[in-house]
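Enquirer: Before I ask anything, here is the structure I am working with.
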Amino acid sequence: MKPAVNAAVTTAARSQSSLAQSSSAQSGPAQYCYGLDIGGTKIEIAVFDNQLSLVDSWRTPTPTDNYQAFIATVASLVQQAEQKFGATNAIGIGMPGIIDSQGRVKSANIPCATGQQLAQDLQQALAQPLHIANDCHLFALSEANGGAGDGKMNVYGAIIGTGAAGGFCINGQLAKSRQNIIGEYGHIAASASVINQYQLPINACGCGLQGCYETYIAGPGLAKLYQHFGADKADTKVFVEQLKAGDTIAKQTFDCYMDLLGAAFASLVLSYDPDVIVVGGGLSKITAIIDALPTAIAKHLFAGVEVPPVQAAKFGDSSGVRGAAILGTQLAKNDVNGERL
């Protein structure tokens, strides 16, 4: 049975939001847009002006086991922003997991939200529209608008961090799909030829499949590769240090890793034909990886297919809240015009 949203939060939020909305409606377009980045440990809200310059941001711990507390926490952050900066109809939210075509959430990081109609419940709590998308999708949206992919028609944003996923933008807006699963390249089966060449184990993935790219190219996967080639323990930090020092095991690991990552990104080139691939996440901060990627991708493309430019993200860790604010702004305009993305 679906838990009820806290009535006190709903009533207070509706009262406050109705007053704020009335004021906003009289004064014309909102001066600010709000972006929220929901993670497994913290929720961050950021306030941007109409030029997407950051004005303020703050964060609070994420309630992951109590849905009522989770809704109340998100609603409270929006209320705090409205108290400081006034109401806005441009509110976007990013979170890990999949939001299906029915608006239901599936998120291992926030178990209390799984199966819930999160956008609907938050809109009820706040009595105003807002928009939710996958956090990796919003990374791509941020980088396609003023970021490393600015001015390009087709932008693929790829995250390589604790996981591996991404998003795809066309003309500065998120591409639509039936199940909202565009960008889940981390759950494509890794190249059999690369697995065989390096005699790698077939790793079980948290998604329930076997041999997904994410289990090799995300941070934990890289650490396991390092141990596979003879390191004493699976430690990405030690790997990076030893790679800089020219250690043989680290170099073997790097060669294998780049082969896997190149094959994964070659599949993105063949599937999306992007004008640019923008890479973010913790591993993207390893300069050697970004530098080696074009050659690694080319190895897995057939003759005549060009490798698009590969760029490190411009906004880095800020892309989540920034992309959420952009989403809220774009869809608020569509709401006004009677359109929906």
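Enquirer: Pull up the cross-link candidates among the aspartates and glutamates for residue 299, meaning alpha carbon to alpha carbon under 15 Å and not fewer than 8 places away within one chain.
Expert: Within the straight-line limit of under 15 Å, residue 299 reaches these aspartates and glutamates: 255, 259, 291.
Enquirer: Still on this structure: By how many degrees, between 0 and 90 and to the nearest 10, does the Cα long axis of helix 319-336 differ from the longest principal axis of the chain?
Expert: The answer is roughly 50 degrees.
Enquirer: Could you point to the residue in 193, 206, 297 farthest towards the positive end of the chain's charge dipole, with +1 and -1 charges on the Cβ of Lys/Arg and Asp/Glu respectively?
Expert: 206
Enquirer: Quick one: among 163, 149, 230, which has the greatest mean-square fluctuation in a GNM of the chain with alpha-carbon springs under 10 angstrom?
Expert: 230
Enquirer: From the P(r) of segment 151-313, could you give the percentage of C-alpha pairs in the tail past 28 Å?
Expert: 17 percent
Enquirer: What ranking do 143, 184, 306 get, fewest neighbouring Cβ atoms within 10 angstrom at the top? Numbers along the way, then the final one.
Expert: On the way: 143 31, 184 19, 306 11.
Ranking 143, 184, 306 by Cβ neighbours within 10 Å, fewest first, gives 306, 184, 143.
Enquirer: Antiparallel DSSP bridges in segment 151-313: what percent, to the nearest 5?
Expert: Close to 60 percent.
Enquirer: At residue 295 and residue 333, where each label point lies 7 Å from the Cα along Cα→Cβ, what is the point-to-point distance in nanometres?
Expert: Placing both labels 7 Å beyond Cα along the Cβ direction yields 4.2 nm.
Enquirer: Here's something else I'd like to know. How big is the charge dipole of the chain about its Cα centre, in debye rounded to the nearest 20, if each Lys and Arg gets +1 on its Cβ and each Asp and Glu gets -1 on its Cβ?
Expert: With Lys and Arg at +1 and Asp and Glu at -1, about 460 debye.
Enquirer: Helix 67-85 versus the longest principal axis of the chain: what angle, 0 to 90°, nearest 10, using Cα atoms?
Expert: Taking the Cα atoms of the chain, the angle to 67-85 is about 70 degrees.
Enquirer: Rounded to the nearest 10 degrees, what's the angle between the helix 287-298 long axis and the longest principal axis of the chain, both from Cα atoms, 0 to 90?
Expert: 70 degrees
Enquirer: How long is the gain from residue 302 to residue 270 if the chain were fully straight, where each residue apart is worth 0.36 nm and the alpha carbon distance is subtracted?
Expert: Working it through step by step, the gained length comes to 10.5 nm.
Enquirer: Please work out how much length the chain gains when fully extended from residue 42 to residue 244, using 0.36 nm per residue of separation minus the C-alpha to C-alpha distance, in nm with one decimal.
Expert: Full extension from residue 42 to residue 244 adds 69.4 nm.
Enquirer: Just to check I understand the Karplus step: with θ = phi - 60° and J = 6.51 cos²θ - 1.76 cosθ + 1.60, what whole-Hz values come out for segment 123-140, glycine and proline as x?
Expert: 5, 5, 5, 9, 6, 7, x, 8, 9, 10, 8, 4, 5, 5, 4, 6, 4, 4
Enquirer: I need 126, 261 ordered by Cβ neighbour count within 10 Å, fewest first.
Expert: Listing 126, 261 from fewest to most nearby Cβ atoms yields 126, 261.
Enquirer: To continue, here is another question. Please name which of 286, 141, 86 has its Cα lying farthest along the dipole of the chain towards the positive end, using unit charges on Cβ (Lys, Arg +1; Asp, Glu -1) and the Cα centre as origin.
Expert: The residue sitting most towards the positive pole is 86.
Enquirer: On to the next question. For residue 181 paired with residue 227, estimate the spin-label separation in nm (one decimal), with each label point 7 Å from Cα along the Cα-to-Cβ line.
Expert: In this crude label model, residue 181 to residue 227 measures out at 3.0 nm.
Enquirer: Just want the ordering: 139, 239, 315, from fewest to most Cβ atoms lying within 10 Å of their own Cβ.
Expert: Sorted ascending by nearby Cβ count, the order is 315, 239, 139.
Enquirer: At 7 Å along Cα-to-Cβ for each site, give me the label-to-label distance between residue 193 and residue 124 in nm.
Expert: 5.3 nm
Enquirer: Gain in length, residue 170 to residue 153, computed as 0.36 nm per residue apart minus the alpha-carbon separation, to one decimal in nm? Working shown, then result.
Expert: Numbers: separation 17, 0.36 × 17 = 6.12 nm, distance 0.55 nm.
Gain in length upon complete extension: 5.6 nm.
Coordinate-derived values only; no laboratory data. Please read these numbers as outputs of a predicted model, since none were measured by experiment. Note that we place each Cβ from the backbone using ideal geometry, even for glycine, and neighbour counts take in every protein chain shown.
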